[in-house]
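Chemist: What follows is a single structure, and I will ask about it in a moment.
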Amino acid sequence: MHTIFDKDGTAYAVAHRRLDEEAVVYTVHAGDHLELVARAVLDLPRGSVSEVLVWPGWHRRGVAAALYQLIECEHGKALRPSHVRGVAGRASWASPGIDLSA
């Protein structure tokens, strides 16, 4: 289990498991009761997160950004933007420091 921190310094536990040869699922948990607050699926061949979901009560805290950083550290390379992104995802990848050339 790993730990990530949101933009306010709140700690979250992160677990991950391999679904198959092409995917790893990450789950993010908060508090002593390990409430599920987010999950993401890493598409290994593409080097991108194919699905990410942050539960509504946890939006705008930087949970997804912290999870992406953890995934990049674990896999030793920068993630590429997925071709399927919502409004929040497009805004995140358009932020300074995100390379969209991939």
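Chemist: Which of the residues belonging to region 37-57 are surrounded by 13 or more Cβ atoms within 10 Å (Cβ to Cβ) and more than 13 Å from the chain's Cα centre (by Cα)?
Modeler: Hits for region 37-57 are Leu44, Arg46.
Chemist: Could I ask something else about it? When you scan region 71-102, how many residues do you find that are at pLDDT below 90, closer than 19 Å to Asp43 by Cβ and of a type in the set (Val, Ile, Thr)?
Modeler: 2
Chemist: When you check Asp6 against the structure, is it charged (D, E, K, R), touching a strand residue (DSSP E or B) at 6+ places or on another chain (Cβ under 9 Å) and crowded, with 19+ Cβ neighbours inside 10 Å, yes or no? Quick ask: steps written out before the conclusion?
Modeler: Numbers: charged (D, E, K, R): yes; touching a strand residue (DSSP E or B) at 6+ places or on another chain (Cβ under 9 Å): yes; crowded, with 19+ Cβ neighbours inside 10 Å: yes.
Criteria met by Asp6.
Chemist: Are there any pairs, at least 6 apart or on different chains, whose C-beta atoms fall under 6 Å, with the first in region 13-24 and farther than 16 Å from Glu74 by Cα and the second surrounded by 12 or more Cβ atoms within 10 Å (Cβ to Cβ), and if so, which?
Modeler: Leu19/Val25
Chemist: Follow-up question, since we're still on this one. Determine which member of the set Tyr68, Tyr26, Tyr12 is surrounded by 12 or more Cβ atoms within 10 Å (Cβ to Cβ), modelled with pLDDT of 95 or more and within 18 Å of Arg80 (Cα to Cα). Outline the logic, then answer.
Modeler: Numbers: Tyr68 fails: modelled with pLDDT of 95 or more; Tyr12 fails: within 18 Å of Arg80 (Cα to Cα).
Residue meeting the stated conditions: Tyr26.
The values are calculated or read from the model by the stated rules, or taken from the named source; none is laboratory data. This one's a predicted model, so the numbers in the text were calculated from it and none came from an experiment. Because the Cβ atoms are built from the backbone with ideal geometry, glycine has one as well, and the counts that use them run over all protein chains shown.
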